[in-house]
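The values are calculated or read from the model by the stated rules, or taken from the named source; none is laboratory data. The structure displayed is predicted, hence computed values, not measured ones. Don't worry about glycine lacking a Cβ; one is built from the backbone with ideal geometry, like all the others, and counts go over all protein chains shown. For accessibility, only protein heavy atoms count, side chains too; no ligands or nucleic acids. Shrake-Rupley method; radii C 1.70, N 1.55, O 1.52, S 1.80 Å.
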Amino acid sequence: CFRALCCKGPPPARPEYDLVCIGLTGSGKTSLLSKLCSESSEDVVSTTGFSIKAVPFQNAILNVKELGGADNIRKYWSRYYQGSQGVIFVLDSASSEDDLETSRNELHSALQHPQLCTLPFLILANHQDKPAARSVQEV
């Protein structure tokens, strides 16, 4: 029994993947990452600039760069794309038509960016629990 416990060696290292998480302010990026990290999402404050969170899963670790979604910050998003292996795009499915159009434009811009165009994208239509939320087809 002792030999089985002590001589196994360290557990194998989990692979790490670098992702970028983008979306407009208020879309729920910070809340999403807080939930994935089992942190409280009650006192979440919008990200100004960027933050990095390591999201642990059983078989891998996702290192997620969350980029603030304010208008004056979005123009700098592309400076943080290098080295990314995937993209999480979060949009507020209950937002105004203008914000949804802005989200659409930002998503298309990201899909066409040379550093992102070949990467896998997860597009998350957040806030589905709100009365004004659009369906997946509407988004």
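Residues in the stretch 68-122 that are in a helix (DSSP H, G or I) and within 23 Å of residue 16 (Cβ to Cβ): 77, 78, 79, 80, 110. Out of the stretch 116-139, which residues are open to solvent by 80 Å² or more (accessible area, probe 1.4 Å) and either within 14 Å of the chain's Cα centre (by Cα) or farther than 22 Å from residue 35 by Cβ (or both)? 118, 120, 122, 123, 137, 138, listed by residue number. Once the stretch 11-34 is narrowed to residues that are within 25 Å of residue 71 (Cα to Cα) and among the charged types (D, E, K, R), the residue that is modelled with the lowest pLDDT is 29.
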